Structures are given as C-alpha cells and as structure tokens.
Ligand SMILES: Nc1ncnc2c1ncn2[C@@H]1O[C@H](COP(=O)(O)OP(=O)(O)O)[C@@H](O)[C@H]1O
Ligand SMILES: O=C(CO)[C@@H](O)[C@H](O)COP(=O)(O)O
C-alpha cells in the first residue's frame, strides 16, 4: 500500500484559524487544529493584527498534527482560505504597518459612496468589477487610509488581503487568486486582471499588489525553510494560491460541478452569506459578483450581523443559544454595528412590537428571525441575478445548503427552515472552508482539479431536512418593519 499523504487546509476567518488535516487519498478529516483571533474596535471600527493570524496559523497546524498523530513528513501541500476584503498594509520588511481593517469595518462608508459616484454610479462598477463599492470592499478601506492616515498610506510597500499575507509567509511569493482579488474593488472580473483605470482612481500603484494566479489551486511555490521551521512541516511542500473563505467553501462543497450550479448555499458565521456557483459572470447591483477559486463565478450577498449579533442578544438576555421561541409580535433587526445587505452602514439594532407578555425567549427568537430574514431576502436577489425566479416551484425545491458555525445550532437550522419553506441540507462536515482549502492544496500538489478532488472525498453523511410550511406571517412582519424603518431610524438619509 502506498504511504498515506496528507494535505492541510487553513481557514483563517474572522474569529479563529482552523487547520484541517486531510487524508489526500480518501478525504478523511484526520484532525482540526484551532486557535482564536482577536478583533478590536468600536463605533464601526474592526481591526486585527495580521501577526496574530500568522501565530494562530502556526498554533492551529501544531494542534492538528498533535491531535491526528500524523507524521509531519506525510504532509505534501498546504493552502490558506481567508476572510475576504481585509486591508493588510505592509512595510518594506513585510511587517504590518498597522492592524488590518476587516471586512466588517464600516468606517469607509463615505469613501464607498464617493467612489461609486466618481465612476458614474453603481452600474459602471458592476460592469467592471462585478460589485458596487460598499464599506466592506478593500478599495474603500484604502481610500479611507489615504484620507485618514496619509503617513501609513505613503509608507505602504505592499497591500495584501488576509489570505495573501499568510500565503506569502508560507511560500515567500506575493500571489493572490481571482476569487479573493474580485472582492478588492480594483480587480476586474470582466478582464480577469487588475483594472488600470480603477487603480488610478484609487491612487494605487500596481507594484504594491500581489500577482494574480490562474486559480486558487495554482501551485505558487514551496514552503520556505523559515515557514517550515515555524510550522513543524517539511520545507519544499506545495503551497497553493489559496482563496477567500466563501470561495473555498464552494470548492469544499464541489459547487462548480454541473449538477450543483446555481444551487444556493447559506453560510452562518460572523457574516451571513448566501452564494451559488455560476458559469455566467454575474452583474447585478444588488449583490457582489465575485469570481470563484476554480474559474467559475460566485455571486454572493453578505450580511454583517449573523451569529455574533444573535449571540450578543442571547448574552444580554442571559439565555443559552437554543433557549429561544418564535418571536411572536416582536421584531428585532440585529444590525448592531451597521449593515451591508441592506446597505445601512450607520444602522444600529432595532426592536419593535414589545408587549407586557413578550418573553425573553421570544426576544431571542426575534433576533434569529431578523438575522435569517435578512440573509434569505438576499437569497431571492441572488437567484434573480442567476436568472432564476425564486417562486418557481423547481427553484424553490432546490435544497439550501447550510454551512458555517451556526449550521451546528438547532435554532439556526429551524429558523432557516421556517422562514424559507425550503428543504435544507446540513453537510456532514462542519469545516467546509478548511476542507475546500485542503482540496486546493491537494490539487496544487498533484495538478488535479480541486472541485473533482473535493467531490471524490468522503466528507461524512449529510443531514437532509424536508421543507416545512413557510411562516409567511413572520416574513411579512419583519419585511414590513424593515421597509418602514429603513429611513432615519436605521441611518439612511
Ligand atoms: N453549536 C452551535 N450552535 C450555534 N451556533 C454555533 C455553534 N457552534 C458555533 N456557533 C456559532 O458559530 C460562530 C462561528 O462560526 P464560524 O463560521 O466559525 O465563524 P467565522 O468563520 O466567521 O470565524 C460563532 O459566532 C457561534 O455563534
Ligand atoms: O465579507 C465577506 C464576504 O463578502 C465575509 O463573508 C468575510 O469573508 C468574512 O467571513 P466569515 O469570517 O464570516 O466566515
């Protein structure tokens, strides 16, 4: 029997790093090492120190090796999938000049509006980049930096996304992939390259940016001796370009293959995202038309307030996560520090419909309903952008794949079922971002196609949940509250 080979997929997301050690032959998950991140900031600011991500990556790999008992010499490849959009600003030695501004930092909302206007409006941006600038996109953060910290902008020797920063630490080369690049606001999904006119508009020298590899699975180099020492892995193993976390989950789910194109996925993590793999380039002002890691496209909508916002409401009420009941008359829009979808960067949370007999459990249930409503409403936009009618019975019968930390929670799953009225699949593996990255690593090591690799892997038994009657009353109540409150109460002029 040939010796077992192992690949490592790293998910460096908002709250933590997870390193999945995967048997490259069977796809069996051998261990997941974990290490937490630190996010700081108030009043719209959200920042993390990239050096903490690097240390977390080293710790998570060490924990995974220890838990699995795998010999480091069996590892043949590694890839990183990272939280999208974050602005990492480096000096000439590759050290961060300041903490990274994260995807959920809303301070650059005025810059987003100014950039949209500077190009002549939303449609002009979707035609070029696939996405309209909102405060999440890297380009708006760069503009914010130039206006608010000109000394840091002037001293910048390199700009990276979170996953590029980590990949460069692994392989010593500055390379990104089309998927994560498509979330910057300076990469064109129409041409598959950085957009010179946008770079000029942004006052950004292309020399500061990494090269864009062909796909997330492209082997961009080998693990350097220095990184190998820090990770306890053999020098010279394959390093893939890697990608953004949502793009990586799409690879892990095997979404690019024919039968799963235009099948919706809902990720419940710090962000709530909804996405689908598409062979046609999305161009809708209602969502982000990202590129995927494998050459297809990944139309996606993202909310800022998902699991963390609901956990915050549970903590305020002193309740456990699943000690919740349907909200009844109460409506809670949990837009605690601004929202991205809908675009309400200055919003705060809103509670209406409170009665003497409202229970704490109903209030918590209302927070789940507000978060789930927001992401499901975006799903309808997504389906329309894929040329599908959300009400078409064939489309409505397509199961919703639920992933991310929240998919492990009973109340999340039940609230999605109740408000969507759709069948739901909870994939057997809870770590699809890391598994997708592992498939990119395996593909980089062998030259195979990553989606074919992931599709062939046995990732455990899916839980299939049939459709239940849609709770249209709650849907209408939350929808009309949002409609009526979207003016001054939620910060829209
Ligand atoms: N068993 C569970 N039930 C409900 N929620 C959970 C459970 N486990 C994790 N979570 C939620 O998942 C979130 C983390 O999800 P994850 O997808 O790992 O986040 P991120 O990728 O943004 O770092 C936590 O905020 C927590 O609320
Ligand atoms: O900004 C987006 C997508 O556009 C987010 O989905 C980030 O990629 C962060 O992801 P999580 O940490 O919530 O997984």
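For this structure, a couple of remarks:
- Packing-based exposure ordering (other Cβ within 10 Å, fewest first) of 247, 101: 101, 247
- Virtual spin-label span in nm between residue 325 and residue 352, 7 Å along Cα→Cβ: 2.3 nm
- For the chain, the alpha-carbon coordinates run over 65, 55, 43 Å along the three principal axes, in decreasing order.
- Each residue in 413, 32, 265, 10 was given a count of other beta-carbon atoms within 10 angstrom of its own, and listing them fewest first yields 413, 32, 265, 10.
- Residue 214-residue 26 pseudo-label distance in nm [points 7 Å out on the Cα-to-Cβ vector]: 3.2 nm
- Extension gain, residue 473 back to residue 397 (0.36 nm per residue minus Cα-Cα distance, nm): 25.3 nm
- Label point of residue 151 set 7 angstrom out along Cα-Cβ; within the stretch 27-60, no amide nitrogen lies under 18 Å from it.
- Its Kirkwood hydrodynamic radius, worked out from the mean inverse distance over all distinct Cα pairs, puts the stretch 6-246 at 18.1 Å.
- Here 231, 199 are placed in order of increasing Cβ neighbour count within 10 Å, fewest first, which gives 199, 231.
- Take the Cα of residue 452, step 7 Å toward its Cβ, do the same at residue 285, and the gap between the two points is 4.2 nm.
We did not get these values from a lab; they are worked out from the coordinates using the rules stated. Values in this document were obtained by computation on a predicted structure and should not be read as measured data. In this analysis, Cβ positions are derived from the backbone assuming ideal geometry, glycine residues included, and neighbour counts consider all displayed protein chains.
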